[in-house]
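Novice: The structure that follows is given in the form of structure tokens.
The values are calculated or read from the model by the stated rules, or taken from the named source; none is laboratory data. Note that the structure is a prediction, hence the values are computed from the model and not measured. Cβ placement follows ideal geometry from the backbone for every residue including glycine, while neighbour counts extend to all protein chains displayed. What goes into the accessible areas is simple: the full protein's heavy atoms, side chains included, and nothing from ligands, DNA or RNA. Shrake-Rupley method; radii C 1.70, N 1.55, O 1.52, S 1.80 Å.
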Amino acid sequence: MGFKSWLEDEEKIFNEIKIGNWPLFYMDIAIGGCPEGRIVFELYPKLAPNTVKNFKTFCLGGLYRNAKFNQIIKGCGIITDNNGFRKAKNGYDLYHVGENSNLRHDQIGLLSTTMDANGSKFLITLSSCPQYDKSNIVFGKVVKGLCLLKEIENVITDDNNSPLKSIAISSCGMIFQNEFNDLFRSQYPDWPEDLIDYKDKDFPWWMGAVGYFQILASLAFKMKDYEIAARNYKKALRYLEFYLVEMTDRTTYRPFILKEFKSEFSKQIEDCLKCLENEKRRLRQFELQLNNEDKQESKEIMVVN
């Protein structure tokens, strides 16, 4: 199915699935090959109709799947690559000449075009970026996953702002109406900041969340999936720290939590990373051994001949 067919066949659904008056789209993000979470956008078809249509086409057509964020400009924005897409290939650009939403780049989480008008690149702001107001078009914003943006921003980069770890879009698409409530009311989202009713949660609920991720981490560790284990221990620590900072009540549990759980999770994360490094070292040694055996076998064949 061509890109134009996507626009025509999906237009009815595109207009129906909305939050308020805006459609919702998602992108699942993997950092270093491991799932990290989901970013959800609301788009602005009334303000930038052609740019939004093109973005929707790229998402539903699979163009953004496996695309990477190849630039992280600290305190400014993250930018995708073109994922092999150029205008000459199929006639579509994300940027639509002459279109302007008249929205400023004045906050974190705004979805915008880039100055590269010949491709599928897009930008997500990490803060106010007024330098983009005249050249780029804001056509949406992040409604879930702002903390994940900060996690991406913290990835180490080289002198060219390129991340040293792969940051990829593992999947993307549209959020359907029956998924809306689950999206924002998941019992334990990866980021506690995504909870809309966190102030109503009591201490046992928060400890249940911490215990949930602790169990997942423990199971992953037993299966020697150390990276997943480390990520779940990190989520448990995230919930613990959020509770300690955001909840206003002062309970007798606080000193116990700080002393016991926080130190335990930090140690578990350190152990996971050590095990992961050992596994990588053993894999490199095994590959080296195989290469040496192949070279030796080639020499023996040459001697025989």
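Novice: Could you please put ASP202, ASP159 in sequence from largest to smallest accessible area, using a 1.4 Å probe?
Specialist: Reading off the accessible areas and sorting them downward yields ASP159, ASP202.
Novice: In segment 31-77, what percent of the accessible surface is made up of carbon and sulfur (1.4 Å probe, ligands and nucleic acids excluded)?
Specialist: 50
Novice: ASP271 versus LEU283, label points 7 Å from Cα toward the beta carbon: distance in nm?
Specialist: 2.2
Novice: Between LYS46 and ILE196, 0.36 nm times their residue separation minus their Cα-Cα distance comes to what?
Specialist: 51.3 nm
Novice: So which of LYS46/LYS201; LYS199/LYS234; LYS121/LYS234; LYS68/LYS267; LYS141/LYS274 end up more than 27 Å apart, counting from Cα to Cα?
Specialist: On the way: LYS46/LYS201 38 Å; LYS199/LYS234 22 Å; LYS121/LYS234 31 Å; LYS68/LYS267 32 Å; LYS141/LYS274 38 Å.
Pairs exceeding 27 Å: LYS46/LYS201; LYS121/LYS234; LYS68/LYS267; LYS141/LYS274.
Novice: Something else now. Could you tally the net charge around ILE31, taking each other residue with its Cβ under 14 Å from the Cβ of ILE31, Lys/Arg +1 and Asp/Glu -1?
Specialist: +1
Novice: Could you rank TRP191, TRP206 by how accessible they are, 1.4 Å probe, largest area first?
Specialist: TRP191, TRP206
Novice: Would you mind putting 216-227, 53-64 in packing order, based on average other-beta-carbon counts within 10 Å, highest first? Don't jump to the answer; show the numbers that get you there.
Specialist: Details: 216-227: 16.0, 53-64: 20.9.
Ranked from most to least packed, the peptides come out as 53-64, 216-227.
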